[in-house]
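Below: one structure, written as structure tokens.
The values are calculated or read from the model by the stated rules, or taken from the named source; none is laboratory data. Bear in mind the structure is a predicted one, so any value in this text is a computation, not a measurement. Note that each Cβ is placed from the backbone with ideal geometry, even for glycine, and that neighbours are counted across all protein chains shown.
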Number of protein chains: 2
Amino acid sequence: MKLDILTKTENFDVQKHIIASIRDLINLKNLEPGDKLPSERMLSERFSVSRGNVREAIQKLEFYGLLESIPQSGTFVANIGVIAMNGMIEDILRLEAPDFKSLVETRILLELKTVRLAALRRTEDDLVEMKVALEAFSKKVRNGEDAVQEDLLFHLAIAKASGNSSMNTFMLIITPEIITNFAKYHVCDTSNAEVGIEEHNAIFKAIEDKNPQLAKKKMKEHFKELYKYCYNV
Amino acid sequence: MKLDILTKTENFDVQKHIIASIRDLINLKNLEPGDKLPSERMLSERFSVSRGNVREAIQKLEFYGLLESIPQSGTFVANIGVIAMNGMIEDILRLEAPDFKSLVETRILLELKTVRLAALRRTEDDLVEMKVALEAFSKKVRNGEDAVQEDLLFHLAIAKASGNSSMNTFMLIITPEIITNFAKYHVCDTSNAEVGIEEHNAIFKAIEDKNPQLAKKKMKEHFKELYKYCYNV
DNA sequence: ACTCAATAATTGGTTAACCAGTTCCTAATG
DNA sequence: CATTAGGAACTGGTTAACCAATTATTGAGT
């Protein structure tokens, strides 16, 4: 297990090394948007790493929109100037795994916005889905069972109803990390589940009534404990 | 080129098919958190796809925290119940490329928050970096050159100074898409660049003075045109 | 019958060979 | 000399064989 972690760290470092090397290469050769990078084989030889590692690094930079691979043709630098390229790669290299506080802070930001948008834009279908999640949550809680999943699904239904695909995606990204951290640090273990039901109902009603201010307010109350945790601890 | 797009779409669909198949398998066999999935080879045979495709799909589900691969051991379902698993996979399958409006809306949300946090938490080093980006921007604008990159770097410096790694990451993710769309739809082509310099300076000063309210207000003014574009068009 | 070491089978990860297009150079032709 | 068909070389993507580590199985020894 320890070895596994070490291996992953090592791979992580080698990928960072490759990304930095690609950046240096772009600077050295003054590659501009649209220019072609050397082939994956040449890069792997030049950096003394496997071609698979090169592909991985390129895919990551492709994800951030800095490179573009065209099959049977080559890899090209995207329509971003060298300065932005350097700045962004520097940031990407510095990126670390988000701390729990950042996650919670971001979740609160997203939820307060999505709940407002949901109140403005929700369709009838959205209402149905939220209602289903809501009742599944209530049922489990009233049976005394653990209802973390159902809780989560209700919030994701709100994100979906917001009609903003970016925020929906971001919620999907941070949610599992939030869950695992919740379990790890035992957050919200003591909170009263019955109160949770009422808060969820209030949020749902505000969205149903298309009242964005109220929806945001109710969501804020729902996050009161989390808020404390985030800013007092 | 058209073929390329078709190929990508096809791959996209085959990946979705695999993800859905994995979900069905988990439901069919009632796999619970910690249970082991069939090996990649068996899955590839069962779904009649290449093992590479299976690996890709598993990696995606791993990114969303739903699965976990342990080398030389197997792939395991994460500590998330079947219900949440189903809901999240459904959402992931439905995920579409974000529309421009969603991107802008999300960017505004993130920037208004990060600028506030930056005013509260910025270090001296953060100030230096922002100052450098600021002056590079001013210089280019005063020379009548295009300064989209420098503009962007200033905003990324703010995100970094916010001290929230999640928001920083999200800003990095949406920024390149914003840029390409800006270029595509010719947003902000007519805006007066000189005004942009003053607005940037005002934002910087508010952060330097640790005045979060003012910083947010100045950022809001900076985004006035974008705001209009996002909510009026 | 039980233990536990030795081995065989299975796992995810990695590497190298292969594939189908693309690109670029060559040389034959008008 | 210019043009263009032909092909060689190169491209990213794909596949299959390989690897080291883990896990399951076996069977000898007590």
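I'd like the residue in the range A:137-172 that is among the β-branched types (Val, Ile, Thr) and at the interface with chain B (Cβ under 10 Å from one of its Cβ atoms) and, out of all such residues, is farthest from residue A:110 (Cα to Cα).
Per the criteria, the residue is A:148.
Output yes when any residue across the range A:85-101 is of a type in the set (Gly, Ala, Ser) and more than 24 Å from residue A:203 (Cβ to Cβ), and no when none is.
Just the residues of the range A:85-101 that are of a type in the set (Gly, Ala, Ser), to begin with: A:87, A:97.
In the following step, the residues that additionally are more than 24 Å from residue A:203 (Cβ to Cβ) were identified as A:87, A:97.
Yes, the range A:85-101 has at least one match.
Given the criteria of a type in the set (Val, Ile, Thr) and in contact with a strand residue (DSSP E or B) (Cβ under 8 Å, 6 or more places away or on another chain), does residue B:75 qualify? Step through it out loud before you land on a result.
Values: of a type in the set (Val, Ile, Thr): yes; in contact with a strand residue (DSSP E or B) (Cβ under 8 Å, 6 or more places away or on another chain): yes.
Yes.
Just for the range B:22-60: of the residues that are more than 12 Å from DNA strand C (Cβ to nearest atom) and farther than 14 Å from residue B:82 by Cα, which one is farthest from the chain's Cα centre (by Cα)?
B:48
All but one of (1) surrounded by fewer than 20 Cβ atoms within 10 Å (Cβ to Cβ); (2) touching a helix residue (DSSP H, G or I) at 6+ places or on another chain (Cβ under 7 Å) hold for residue A:143; state the number of the condition that does not hold.
(2)
Can you tell me which residue in the range A:79-111 is farthest from residue A:221 (Cα to Cα), limited to those that are touching a Phe, Trp or Tyr at 6+ places or on another chain (Cβ under 8 Å) and surrounded by fewer than 22 Cβ atoms within 10 Å (Cβ to Cβ)?
Only one residue tops the list, namely A:92.
For residue B:168, work out the one condition from (1) surrounded by fewer than 23 Cβ atoms within 10 Å (Cβ to Cβ); (2) part of a helix (DSSP H, G or I) it doesn't fulfil.
With (1) surrounded by fewer than 23 Cβ atoms within 10 Å (Cβ to Cβ); (2) part of a helix (DSSP H, G or I) applied to residue B:168, the lone miss is (1).
Restricting attention to the range B:96-113, does a residue exist that is charged (D, E, K, R), under 26 Å from residue A:98 (Cβ atoms), facing chain A (nearest Cβ under 7 Å) and in contact with a Cys (Cβ under 7 Å, 6 or more places away or on another chain)?
Yes: one or more hits.
Answer yes or no as to whether residue A:56 is farther than 26 Å from residue B:126 by Cβ, within 13 Å of DNA strand D (Cβ to nearest atom), buried (at least 16 other Cβ atoms within 10 Å of the Cβ) and modelled with pLDDT under 95.
Values: farther than 26 Å from residue B:126 by Cβ: yes; within 13 Å of DNA strand D (Cβ to nearest atom): yes; buried (at least 16 other Cβ atoms within 10 Å of the Cβ): yes; modelled with pLDDT under 95: yes.
Judged against the criteria, residue A:56 is a match.
Being crowded, with 16+ Cβ neighbours inside 10 Å, within 15 Å of DNA strand D (Cβ to nearest atom) and within 14 Å of chain A (Cβ to nearest Cβ), is that true of even one residue in the range B:40-49?
No, the range B:40-49 has no match at all.
Suppose the filter is crowded, with 22+ Cβ neighbours inside 10 Å, at pLDDT below 95 and among the small types (Gly, Ala, Ser); does residue B:119 pass it?
So residue B:119 does not fit the description; no.
Select from the range A:59-73 the residues that are buried (at least 18 other Cβ atoms within 10 Å of the Cβ) and in contact (Cβ under 8 Å) with a residue 24 or more places away in the chain and write down the one among them that is farthest from DNA strand D (Cβ to nearest atom).
A:64
Which residue pairs have Cβ atoms under 7 Å apart, sit 6 or more places apart or on different chains, and have a first residue in the range B:79-105 that is over 17 Å from residue B:170 (Cβ atoms) and a second that is of a type in the set (Phe, Trp, Tyr)?
That search, which allows pairs on different chains as well, returns B:88/B:64; B:92/B:64.
Please go through (1) crowded, with 16+ Cβ neighbours inside 10 Å; (2) closer than 28 Å to residue A:171 by Cα; (3) more than 8 Å from every other protein chain (Cβ to nearest Cβ); (4) more than 13 Å from DNA strand D (Cβ to nearest atom) for residue B:76 and return the number of the only condition it doesn't satisfy.
With respect to (1) crowded, with 16+ Cβ neighbours inside 10 Å; (2) closer than 28 Å to residue A:171 by Cα; (3) more than 8 Å from every other protein chain (Cβ to nearest Cβ); (4) more than 13 Å from DNA strand D (Cβ to nearest atom), residue B:76 is out only on (4).
Of the conditions (1) at pLDDT 95 or above; (2) within 23 Å of residue B:109 (Cα to Cα), residue A:124 clears all except one; give me its number.
(2)
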